[in-house]
Protein chains: 2
Amino acid sequence: MTRIGFIGIGVMGQSMAGHLMDAGHELRVYNRTALKCESLVARGAKLMSGAGETAAESDAVFTIIGFPKDVEEAYLGPGGIVESAKPGTLLVDMTTSSPALARRIYGAAKARGLGSCDAPVTGGDRGAREATLSIMAGGDEEDFERALPMLRLMGKNIARFGGAGCGQLAKLANQIVIAGTMMGVCEGLSFAKGAGLDPGKFLECVEGGSAGSWSLSNYGPRILKGDFEPGFFVKHFIKDMKLAAESSEEIGMELDGLSAALAQYEKLAASGGEENGTQGLFKLYDSMLKN
Amino acid sequence: MTRIGFIGIGVMGQSMAGHLMDAGHELRVYNRTALKCESLVARGAKLMSGAGETAAESDAVFTIIGFPKDVEEAYLGPGGIVESAKPGTLLVDMTTSSPALARRIYGAAKARGLGSCDAPVTGGDRGAREATLSIMAGGDEEDFERALPMLRLMGKNIARFGGAGCGQLAKLANQIVIAGTMMGVCEGLSFAKGAGLDPGKFLECVEGGSAGSWSLSNYGPRILKGDFEPGFFVKHFIKDMKLAAESSEEIGMELDGLSAALAQYEKLAASGGEENGTQGLFKLYDSMLKN
């Protein structure tokens, strides 16, 4: 049994922290909007009032929070996690965030005798609920090995890709694949509709073939029902694609597909689709048909 | 038993015509390079010396040939299929070709009392071999119904999307989905490699998740082995994307993902990758890393 601090009790964190509790770990939880901690607290988690305070009372700290600036503040800000954790504490950031920030956190953590991993995930709310997330980790081998039994309570495909930041780089590569795929899915379905075909019949005919993808099978039916509710928020996907674009520039790559997808999603956000799920991109193309 | 003329005995046509023979139909075959007809002829197919001659001796004619200009010549050229077929003959073009051309062939065919369907396929050489192709058809309901028992010998997911040209439109929508997906797959894998990650480990970690697709699972392993042999030729994919771009313009859509993919594949072709398989796009990104 480990005393675990879990910071960021959103849709994902709620399920993930729950799995850690189910395995008998003693949970401390913190979220900016405390209300979201309610059900975990009802099950015995201790409600904390800040990230630093959470870290100070934990042997391992897991975070999954919104944006890199939130991660930076929580870890490196005054009274934050790195400053407050006792030497020997293991820090695991599961937010999709910047590889460079992951390396800075690692450096600061090591200077204080802390363990540190970046370990972003894919699989969405469903993967979190069913503990089938894919987890892409970076950091020292020994820190990863220490985190592994706990990561296994939350996910299935778990791999360490190298030193600090490498988990983030793998996650960004994953988002680059998704960016192209989502653009293809939304353009193809809207073209089918625009060309006067039955999009449902189209989806059924092609999803088992070479155009098939997780995105097509999962978002296709929602798109056809006009359901643009977020599984994965447009605003978060834009954040990820920007990080990916920065990193690809750093290694001298011009990824025109990624650039096109980012531009399209920014157009969608500018027209009010920021709080939609990523399948909302369909609407951008669909609106061309109405003009 | 129907007397079937099969025109275009390439990798796909060879298997498809074979299935029709296996079911007991009497085959006449024609291919510009006659040599490719050898094994079907050895099994009893009659070797013909031209498209018109093939049509004249058949009750149903199937074609799967390279480019729209080849389709136009075979169907509408002097001494071609439409001119030579006896009234009542059913014509089925399975080439991925232009919707407008499909409508012209339909018009010319109907004027001569012929049946006419466009019925392009997806599923590649393997789908052709295993008779699991998806077939997207357009044309009159009664012509489609007449073709259906024969189409069922070649494919599994078979749907009629509307009148003449609608099969082609559905196939183009399919190619639009693939265009985005392939760009995502090749950009993501090359980014992973460029970022210093193990691309094999990356593929294994993410292919079962939300980045997963037929393209990632089928082409990812080939890319990692450096195998760029054609399953589906770059030159044919470029042809398809150009047709899709024309059609999307006609219906007033700007598909930026499709445009980006077409531009990337044209760059690849210009640098000598025309005869590669579509997974060759990886090389375009990979070459950025070497500079």
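The numbers here are math on the coordinates, done by the rules we state, and not lab data. These numbers were taken from a predicted model, which means no experiment stands behind them. So basically every Cβ, Gly included, is an ideal-geometry build from the backbone, and we count neighbours across all protein chains shown.
Return the subset of A:K86/A:K110; A:K69/A:K235; B:K69/B:K156; B:K171/B:K235 for which the Cα-Cα distance in this structure is over 21 Å, preserving the input order. Violating the 21 Å Cα-Cα cut-off are B:K69/B:K156. For B:R28, the residues whose modelled amide H falls within less than 5 Å of its own, excluding neighbours fewer than 5 places apart on the same chain, are B:I4, B:G5, B:F6, B:K46. Close amide-amide hydrogen proximity is noted between A:G212 and B:W214, each under 5 Å apart and 5 or more residues distant or on a separate chain (H modeled in the peptide plane; Pro and chain starts excluded).
Ranked from largest, the principal axis spans of the Cα set of the range A:169-290 equal 44, 32, 23 Å. Relative contact order for the range A:193-291: 33 percent, from Cα pairs under 8 Å spaced at least 6 residues apart, divided by residue count. Our estimate of slack between A:S217 and A:A23, defined as 0.36 nm per intervening residue step minus the Cα-Cα distance, is 66.6 nm.
If R0 equals 22 Å, the separation of the Cβ atoms of A:E275 and A:A100 corresponds to a calculated FRET efficiency of about 0.20. For chain A, the relative contact order works out to 13 percent when only alpha carbon pairs closer than 8 Å and six or more residues apart are counted.
Gyration tensor over the Cα atoms of the range A:18-98: the corresponding equivalent ellipsoid has semi-axes (square roots of 5 times the eigenvalues, largest first) of 20, 15, 12 Å.
What 222 nm value per residue comes from the helices of chain A, counting each DSSP H run with n ≥ 4 as -39,500 (n - 2.57) and dividing by all residues, nearest 500 deg cm²/dmol?
After summing the helix terms and dividing by residue count, I get -16000 deg cm²/dmol.
Gyration tensor analysis over the Cα atoms of the range B:25-69 returns equivalent ellipsoid semi-axes of 16, 14, 9 Å (largest first, whole Å).
For an R0 of 60 angstrom, estimate the FRET efficiency from the Cβ-Cβ distance between A:T2 and A:K201 and round to the nearest 0.05. Efficiency computed from Cβ-Cβ geometry: 0.70. Among B:C37, B:C166, A:C117, the order by Cβ neighbours within 10 angstrom, fewest to most, reads B:C37, B:C166, A:C117. The shape of chain B can be summarised by an equivalent ellipsoid whose semi-axes, obtained from the alpha carbon gyration tensor, come to 36, 20, 17 Å from longest to shortest. Spherically averaged projected area of the convex hull of Cα atoms, the protein assembly as shown: 27.4 nm². Here the label points at B:E142 and B:S49, each 7 Å from Cα along the C-beta direction, are separated by 3.7 nm in the simple model.
Based on alpha carbons, the Rg and Dmax found for the range B:73-172 are 12.8, 37 Å. Normalised by residue number, the volume inside the convex hull of the Cα atoms of the range A:3-163 is 92 Å³ per residue. Under 5 Å from the amide H of A:A137 lie the amide H atoms of A:A159, A:R160, A:F161, each residue being 5 or more positions distant or on a separate chain, with H modelled from the backbone and absent for Pro and chain starts.
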